[in-house]
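Engineer: Please find one structure pasted underneath; my questions will follow.
The values are calculated or read from the model by the stated rules, or taken from the named source; none is laboratory data. Remember, predicted model here, so these are calculated numbers, not experimental data. All Cβ positions, glycine included, derive from the backbone under ideal geometry; neighbour counts span all protein chains shown.
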Amino acid sequence: MLVLLLVGVLLAYHLQKYIYRNYWDKRLQVRTSFSDSCVYEGDSSSLREEIANDKKLPLPALEVRLALSRDLEFSGEAKANTNVTDLSYKRDVFSFLFHQKVIHTLPFICRKRGFYQISNVEVVGYDLFFRTQHYLNAAQQTQLYVYPAQIDTGRIRLLCQTISGMVLVQNRLYPDPFEFSGIREYRRDPMHHINWKASARSSSLMVNQFDSTTSIRATIFLDVEDSHILRSEALTEEGIRIASSLAARLVKQNMELRLLSNATIGEFILSSPDTENTENSANDPGANSTDRLLIWHGKPGAAKIHELNRMLACIDTQQKTASINDLLQEEIIRKQSGQIYVLISKNQDSAAMHLLRTLSVGNEILWVIPVNPGAALLHADMPGIHLMRWEVGIS
């Protein structure tokens with residue numbers, strides 16, 4: 001009798017082993033998704049795990065393993081069963097009966113700007129005797145954009161007020177011929193401004209007077225080059241935050257804006273459906289790395305700011321970049337005037353100042369220089385060039 005019992009147990013063991021080897025992953029679904037598609041640096045979000053065993057075979061133990069960037073820091077109970085090294089490795093064990101689904105929510109804090117994705121989840125299943133392990137790689141399409149943190153309202157307002165003053169200067173230099181405001185006496189004005197009909201009714205020459213408008217386009221140059229032996233990642237990231245916050249504020253004020261940068265954006269942005277209309281050579285699937293410079297044209301509208309922030313999120317500051325001087329030189333060749341230029345760069349390069357002097361002819365330039373507390377500026381204001389010292393870490 002004992003022999004028959006042992007034979008029965010042995011047959012049952014091999015039968016369940018066969019069944020689990022062939023059917024454990026049938027109708028097993030593992031999906032991960034971020035609760036948000038985009039958040040700002042410093043915000044909280046969560047990762048949603050959905051595991052469903054939609055069959056009549058129970059799974060006594062199912063281990064779900066995933067790897068996430070350590071810059072998305074798990075919080076609360078989600079820290080359990082997490083090992084943080086180069087990445088955050090998360091392991092959770094579930095048990096399923098028949099036709100059962102479990103939803104697990106893992107909160108985290110976004111510690112750093114970036115583009116994050118989960119492309120694969122490893123699933124390990126066990127049989128009834130916990131003797132045999134079965135492995136499954138479940139492909140995922142889970143993505144999250146972490147936008148640059150927005151600069152304190154007071155500091156960004158001061159920056160915008162400085163730009164507004166520059167706009168007024170440019171408008172006085174370049175009045176808009178379409179904004180007629182009245183008639184006054186001639187004072188060495190251009191001949192084409194003379195109002196001959198009004199002059200005929202008066203004893204002196206009369207000219208049309210025009211008001212300036214605020215239709216001047218602004219261009220932001222964002223420099224992320226960090227070629228020194230001791231890298232200044234904090235200053236570079238602050239420059240990206242300034243660019244994001246300033247662009248959002250200016251576009252909200254109905255200003256047409258360009259942002260040019262020597263930063264390159266990752267390959268994943270090429271297939272992003274939200275950037276189809278971006279005037280950026282990076283959208284060309286055949287573009288090489290030198291064609292992926294960040295170039296953005298923004299007009300009023302929240303959608304355009306989201307587009308810019310997605311691109312800024314995808315900047316890889318570890319990649320070697322070109323000099324911002326190349327972009328300044330190209331702008332000089334275009335020979336535009338009546339423009340407002342904002343350079344955001346921690347690199348106080350003498351060659352850049354020389355190019356800015358050339359570019360300032362007929363234009364107004366603001367150089368925002370992120371610096372560490374107590375650091376001095378190497379240059380001083382010049383006609384048409386305004387320098388703004390921006391200490392990092394000051395709220």
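Engineer: I'd like to verify a number: residues in segment 64-86 that are more than 27 Å from Y20 (Cβ to Cβ) and either of a type outside the set (V, I, T) or touching a residue at least 60 places away in the same chain (Cβ under 8 Å) (or both), how many?
Structural biologist: 15
Engineer: While we're on this one: Would it be correct to say that D86 is charged (D, E, K, R), within 30 Å of A67 (Cβ to Cβ), at pLDDT below 95 and surrounded by 15 or more Cβ atoms within 10 Å (Cβ to Cβ)?
Structural biologist: no
Engineer: Could you please let me know if L359 is buried (at least 20 other Cβ atoms within 10 Å of the Cβ), assigned by TED's automatic domain parsing to the domain that holds S227 and free of Cβ contacts under 8 Å to residues at least 40 places away in the same chain?
Structural biologist: yes
To keep it simple, each residue is scored yes or no on (1) in contact with a Leu (Cβ under 6 Å, 6 or more places away or on another chain); (2) at pLDDT below 90; (3) surrounded by 22 or more Cβ atoms within 10 Å (Cβ to Cβ).
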| residue | (1), (2), (3) |
| --- | --- |
| S289 | no, yes, no |
| L294 | no, yes, yes |
| P300 | no, yes, no |
| K304 | no, yes, no |
| K320 | no, yes, no |
| R334 | no, yes, no |
| L343 | no, no, yes |
| M353 | no, no, no |
| V368 | no, no, yes |
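Engineer: Looking at (1) at pLDDT 95 or above; (2) surrounded by fewer than 18 Cβ atoms within 10 Å (Cβ to Cβ); (3) touching a Leu at 6+ places or on another chain (Cβ under 7 Å), can you tell me which one L47 breaks?
Structural biologist: (2)
Engineer: May I ask you to list the residues in segment 22-64 that are among the hydrophobic types (A, V, I, L, M, F, W, C) and either within 34 Å of the chain's Cα centre (by Cα) or not in a loop (DSSP other than H, G, I, E, B) (or both)?
Structural biologist: Hits for segment 22-64 are L28, V30, F34, C38, V39, L47, I51, A52, L59, A61, L62, V64.
Engineer: Which ones in segment 27-47 are over 18 Å from Q143 (Cβ atoms) and in contact with a Lys or Arg (Cβ under 6 Å, 6 or more places away or on another chain)?
Structural biologist: Once the filter is applied, which keeps residues that are over 18 Å from Q143 (Cβ atoms) and in contact with a Lys or Arg (Cβ under 6 Å, 6 or more places away or on another chain), segment 27-47 yields only R27.
Engineer: So, one more: Could you tell me how many of the residues in segment 30-86 are farther than 29 Å from S244 by Cα and out of contact with any strand residue (DSSP E or B) (no Cβ under 8 Å at 6 or more places or on another chain)?
Structural biologist: Of the residues in segment 30-86, 7 are farther than 29 Å from S244 by Cα and out of contact with any strand residue (DSSP E or B) (no Cβ under 8 Å at 6 or more places or on another chain).
Engineer: Just to be sure before I move on: is A61 surrounded by 14 or more Cβ atoms within 10 Å (Cβ to Cβ), of a type in the set (G, A, S), outside the structural domain of R249 (by TED's automatic domain parsing) and free of Cβ contacts under 8 Å to residues at least 60 places away in the same chain in the structure I sent?
Structural biologist: In short, no.
Engineer: Among what's in segment 185-211 and is among the basic types (K, R) and at pLDDT below 75, pick the residue that is surrounded by the fewest Cβ atoms within 10 Å (Cβ to Cβ).
Structural biologist: That would be R188.
Engineer: Next question, about the same structure. Test R389 against the stated conditions and say whether it is loosely packed, with under 14 Cβ neighbours inside 10 Å and under 30 Å from Y40 (Cβ atoms).
Structural biologist: For R389, the condition - loosely packed, with under 14 Cβ neighbours inside 10 Å and under 30 Å from Y40 (Cβ atoms) - is met.
Engineer: So, one more: So is I156 crowded, with 16+ Cβ neighbours inside 10 Å, at pLDDT 90 or above and not in a strand (DSSP E or B) or not?
Structural biologist: So I156 fails the test.
Engineer: Another question about this same structure. Restricting segment 127-153 to residues that are over 21 Å from D316 (Cβ atoms) and of a type in the set (A, V, I, L, M), which is surrounded by the most Cβ atoms within 10 Å (Cβ to Cβ)?
Structural biologist: Per the stated criteria, the residue is I151.
Engineer: Which residue, of A67, A78, A149, is closer than 24 Å to Y40 by Cβ, of a type outside the set (D, E) and assigned to a helix (DSSP H, G or I)?
Structural biologist: A78
Engineer: Could you tell me which numbered condition C110 fails, if it satisfies all but one of (1) of a type outside the set (A, V, I, L, M); (2) under 18 Å from S44 (Cα atoms); (3) surrounded by fewer than 17 Cβ atoms within 10 Å (Cβ to Cβ)?
Structural biologist: For C110, the exception is condition (3).
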